[in-house]
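Accompanying notes for the structure given below.
The values are calculated or read from the model by the stated rules, or taken from the named source; none is laboratory data. Keep in mind that this is a model prediction, so the values were computed, not measured. All Cβ positions, even for glycine, are placed from backbone atoms using ideal geometry, and neighbour counts span all protein chains on display.
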Amino acid sequence: MTGKIPKSFIEDVLNRTDIVSLIDAYVPLRKKGANHMACCPFHQEKTPSFSVSSQKQIYYCFGCGLGGDAIRFLMEYEHLNFMEALEILAKQVGLALPQENKTYESSTHFYDVLNKTVQFYQQQLKNTKEAIHYLKSRGITGVLAKEYLLGFSPSAWDNLTSALGKDEQITQALLQTGLLIKKESGHVYDRFRSRIMFPIRDVKGRVIAFGGRVLIKEEPKYLNSPETPLFHKGRELYGLYEARHRSREIPYFIVVEGYMDVLALAQHGISYAVGTLGTATTAEHIVKLLKYTKKLVFCFDGDRAGRDAAWRALQVALPFLSDGVQLAFMFLPQEEDPDSFIRTQGKEAFLAEVKKAVSFADFIFRHLSESRDVSTLDGKASLSHVITPLIDKIPEGALKQLMYERLGRLLSLSTSQLRALSKKSHVEFSADLQKTKTATANSKRAMTHLTPLRLSMALLLQYPLLRDSVPASLHVIAWTQAESELFREILALLSAQPDASAAQLLRHWEDKPEYMLISELLMKEHFIDESELEKEFVQVLWRLEQQHHESCIEKMLMKARAQGLTSEERLALQRLIEGVKIIL
Ligand SMILES: [Zn+2]
């Protein structure tokens, strides 16, 4: 995503920047142990969980999960894109953007080219009957199409170079903004062809990317711009600019998934819907939306995937639930999305569904009670065990207290008993590893809560030399646990860049969904004695290997029961079982 800006330049800027003094100018920091701490500027809290590491040159909030390097902080805090943040930091440390990049790379030039592209696509829409027909059939009027700058990309492979010219600067800007793709041969072609085009605008109204929907049956149905210097999918919301533009007061936001959902709702006079561009809801989305209104209604499909998406959104949102913030979830009937629902049932029916949305509290209790019998003691214990860590994510305040009271009523325990129970379980979890006593608020969120795989990744990221301690006899390559691919990626990265700093390692995930997780793993405190590090690390790896073996055996046994094994497979199974014995 850093495009043509040389990596070395970005590193230069970061090396000359001190993240502690940068952040301290916005959020006064206090030194605590190895880190600098403050109450998080991105979510409301009373005990500091926002920490900045001078040694690692990154920040991370253990409360809400936002983190990154100095560039990311400026982007988040000042609502800038990557280029703008880099330009500011470069100026602060007395570096000028490389001359040869200046003409091609300045954001103004990008916006300019994107605007011309919008105009071209709009013009094409006017000339394309099928596209107009499609939009009309979905109830989208010409007025709405104009307001949302809808367009059409023709089927040719070179629409943009023919329309905007083959000038090198323009071609570069089209490549950098993801509108053109370059083949290995050096040949360039249009990313979007035969698609209805939905321009995505930032909060200032500037077009920064596109979504495209196919007209004829073809895959993928929807295509987005890739991550670019102007566009980070996880931070943008489709329709946010238009929603703010349409109404001065936003009663609440309805968070939906797709472009057509936003448009269909707007067409029916509900102009406060925003779309997550097909990604899961992120902390950045929540921070952004809560700036304009205190109430969010998540609208998901009624199927399993919809419920899962809702549950994920809920977990991301919990740290931002300070008093006054309202969060509700609505589930449409199976097979319906907001677009189809409002077109067939109308605005009133849709608003009736919004009214029926369940509060986040009801959603949590319902979701977690579903699989448990809370009339039994076991069920109660298990519910309290899964629900208290969630309630603990909510900032201190009336809302949190109410949640504890509700849990207490359900379990017939007093609030203080519950809170004591929650603290006790934190202490028990970390008792064996917590040899050093630190009084930071983070101690309860220390590594002990990590899965073995995450613990091993955290140690590896923080102590790259541990890479040499990975036993050669492990079958890391074959591990199938969730995130084992990420573990292999970290190993490969450390082999390629053995001397990389924490911030440099983090840059590797700049445009990827794992960015927040890697920030977290880099910042986690582990409370393991330095002299024990290698031993701990290797032990965790063997535990993972054993898990892997056990799942292989499980699979083989399942196959044996279902269809029987060949003699070769039987032998392999026997070896596997012996292998596990050896490890044990
Ligand atoms: Zn935070």
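Quick look at the values:
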quantity: TYR121 of a type in the set (Ser, Thr, Tyr), surrounded by 19 or more Cβ atoms within 10 Å (Cβ to Cβ) and either outside any helix (DSSP H, G or I) or within 16 Å of the ligand (Cβ to nearest atom) (or both); calculated: no
quantity: Among (1) in contact (Cβ under 8 Å) with a residue 40 or more places away in the chain; (2) away from the ligand (no atom under 16 Å from the Cβ); (3) in a helix (DSSP H, G or I), the one test that LYS91 misses; calculated: (1)
quantity: Residue in segment 61-70 that is assigned to a helix (DSSP H, G or I) and not aromatic (Phe, Trp, Tyr) present; calculated: yes
quantity: Among residues of segment 25-54, those that are within 26 Å of the chain's Cα centre (by Cα) and over 19 Å from SER519 (Cβ atoms), counted; calculated: 3
quantity: One residue from ASP303, ASP261 being acidic (Asp, Glu) and surrounded by 23 or more Cβ atoms within 10 Å (Cβ to Cβ); calculated: ASP261
quantity: Members of segment 66-78 found to be surrounded by fewer than 20 Cβ atoms within 10 Å (Cβ to Cβ) and either within 16 Å of the ligand (Cβ to nearest atom) or over 20 Å from the mean Cα position of the chain (by Cα) (or both), listed by number; calculated: TYR77
quantity: Cross-chain or 6+ apart pairs with Cβ under 7 Å, segment 38-50 first and closer than 13 Å to ASP323 by Cβ, then more than 10 Å from the ligand (Cβ to nearest atom); calculated: GLN44/SER322; LYS46/GLU396
quantity: Selection within segment 285-321 - within 16 Å of the ligand (Cβ to nearest atom) and either at pLDDT below 90 or in a strand (DSSP E or B) (or both); calculated: LYS291
quantity: Residue ranges of helices (runs of 4 or more DSSP H) in segment 136-188 with at least 2 members more than 23 Å from TYR241 (Cα to Cα); calculated: 159-164, 168-176
quantity: Tally, over segment 368-405, of residues that are of a type in the set (S, T, N, Q) and over 22 Å from ARG312 (Cα atoms); calculated: 3
quantity: In segment 466-475, the residues that are modelled with pLDDT under 90 and surrounded by 11 or more Cβ atoms within 10 Å (Cβ to Cβ); calculated: LEU474, HIS475
quantity: All positions within segment 41-60 that are more than 8 Å from the ligand (Cβ to nearest atom), assigned to a loop (DSSP other than H, G, I, E, B) and not basic (Lys, Arg); calculated: GLN44, THR47, PRO48, SER54, GLN55, GLN57
quantity: Filter result (in a helix (DSSP H, G or I) and either aliphatic (A, V, I, L, M) or touching an Asp or Glu at 6+ places or on another chain (Cβ under 6 Å) (or both)) within segment 400-418; calculated: LEU402, MET403, LEU407, LEU410, LEU411, THR415, LEU418
quantity: Candidates ALA503, ALA496, filtered to the one that is out of contact with any helix residue (DSSP H, G or I) (no Cβ under 8 Å at 6 or more places or on another chain) and closer than 30 Å to PHE231 by Cβ; calculated: ALA496
quantity: Pick from segment 265-288, criterion without any contact (Cβ under 8 Å) to a residue 40 or more places away in the chain and more than 16 Å from PHE300 (Cβ to Cβ), ranking: surrounded by the fewest Cβ atoms within 10 Å (Cβ to Cβ); calculated: SER271
quantity: Looking only at segment 254-279, and only at residues there that are part of a helix (DSSP H, G or I) and of a type outside the set (A, V, I, L, M, F, W, C), the one that is nearest to MET197 (Cα to Cα); calculated: TYR259
quantity: Residue check, ALA85 at pLDDT below 90 and either away from the ligand (no atom under 16 Å from the Cβ) or within 30 Å of TYR111 (Cα to Cα) (or both); calculated: no
